[in-house]
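Engineer: Dropping the structure in here first, questions after.
The values are calculated or read from the model by the stated rules, or taken from the named source; none is laboratory data. Note that this is a predicted model, so its numbers are computed, not measured. Here the Cβ is made from the backbone with ideal geometry for all residues, glycine too, and neighbour counts use every protein chain on show.
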């Protein structure tokens, strides 16, 4: 279940997309249907998925989950049962961190999106400064969840944050799947963390040094490195509780460079 501020941020991101509300939307692992309910009321053509029939969200469904098509038993580590180019928007809110791998679902999202469509996802932000400090002191990420317990059966591990999203790796997976990041947004900003922004020049310089160019690097690598740097120093990456990422499916035949907004 996504927190209210996450739902609000996702809805705001979708409302800003071209063509809204005349959009075909797929919400992967749609939870209790909070996002689907709002988009359905606005006039979007919505569809959702659930993973397991015994999830609480299925056993106690909201009205929207009875009205909007919701496909059950959709394992996001497997290919999606939808045709190529079926949707204008695919949403994954607080889902990626539960999956054993991100590669399959990102590739499948790129496949089922129409050219020019958008992938909108949120996930706990392990790159925010608070999480970096937590990792520095303890060696563990700050994930808003207790550590995975030995009391769970293997099939129940999906309920935990077992696979935190690494933005540089996700940046590459999106690109390999025909998607380019076009926007990062905020979900929740805690005022007590505002002091970290005083160190923004330090973080900027550190990222710049880490991503500096090398001699004789391939042109595509250099372009990707520069684009990643742009996002890694974004204020939302440093301060937002969750990453909110909007990525656009490249149009058929479009180059990677032309798909990146100026």
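Engineer: Can you find a residue in segment 40-51 that is buried (at least 21 other Cβ atoms within 10 Å of the Cβ), in contact (Cβ under 8 Å) with a residue 40 or more places away in the chain, in contact with a helix residue (DSSP H, G or I) (Cβ under 6 Å, 6 or more places away or on another chain) and closer than 21 Å to residue 14 by Cβ?
Structural biologist: no
Engineer: Moving on to the next point. Which fully enclosed helices (runs of 4 or more DSSP H) of segment 174-251 have 2 or more residues being over 20 Å from the mean Cα position of the chain (by Cα)? Outline the logic, then answer.
Structural biologist: On the way: elements: 200-210, 219-232, 235-239.
Result: 200-210, 219-232.
Engineer: Sort out which residues of segment 12-34 are modelled with pLDDT of 95 or more, assigned to a helix (DSSP H, G or I) and buried (at least 19 other Cβ atoms within 10 Å of the Cβ), and write them in order of number.
Structural biologist: Listed by number, the residues that qualify are 13, 14.
Engineer: If residue 46 passes every condition in (1) at pLDDT 95 or above; (2) within 18 Å of the chain's Cα centre (by Cα); (3) under 14 Å from residue 30 (Cα atoms) but one, which one does it miss?
Structural biologist: (2)
Engineer: Of all residues in segment 98-114, count the ones that are part of a loop (DSSP other than H, G, I, E, B) and either surrounded by fewer than 17 Cβ atoms within 10 Å (Cβ to Cβ) or without any contact (Cβ under 8 Å) to a residue 60 or more places away in the chain (or both). Reasoning before the result, please.
Structural biologist: Residues of segment 98-114 part of a loop (DSSP other than H, G, I, E, B): 99-102.
Among the residues that remain, those that are also either surrounded by fewer than 17 Cβ atoms within 10 Å (Cβ to Cβ) or without any contact (Cβ under 8 Å) to a residue 60 or more places away in the chain (or both) are: 100-101.
Counting residues in segment 98-114 that are part of a loop (DSSP other than H, G, I, E, B) and either surrounded by fewer than 17 Cβ atoms within 10 Å (Cβ to Cβ) or without any contact (Cβ under 8 Å) to a residue 60 or more places away in the chain (or both) gives 2.
Engineer: Taking the condition at pLDDT below 95 and either crowded, with 16+ Cβ neighbours inside 10 Å or part of a loop (DSSP other than H, G, I, E, B) (or both), does residue 75 pass? Don't jump to the end; show me each part of the working.
Structural biologist: On the way: at pLDDT below 95: yes; either crowded, with 16+ Cβ neighbours inside 10 Å or part of a loop (DSSP other than H, G, I, E, B) (or both): yes.
The answer is yes for residue 75.
Engineer: For residue 144, which of the numbered conditions (1) out of contact with any strand residue (DSSP E or B) (no Cβ under 7 Å at 6 or more places or on another chain); (2) surrounded by fewer than 19 Cβ atoms within 10 Å (Cβ to Cβ); (3) modelled with pLDDT under 95 fails to hold?
Structural biologist: All conditions are met except number (1).
Engineer: Now, a different point. Looking at residue 135 and the list (1) surrounded by fewer than 20 Cβ atoms within 10 Å (Cβ to Cβ); (2) touching a strand residue (DSSP E or B) at 6+ places or on another chain (Cβ under 7 Å); (3) not in a strand (DSSP E or B), which single condition is not satisfied?
Structural biologist: So residue 135 meets the others, but not (2).
Engineer: If you don't mind, another one. Closer than 28 Å to residue 15 by Cα and surrounded by 14 or more Cβ atoms within 10 Å (Cβ to Cβ): which single residue out of 179, 169 fits that description?
Structural biologist: 179
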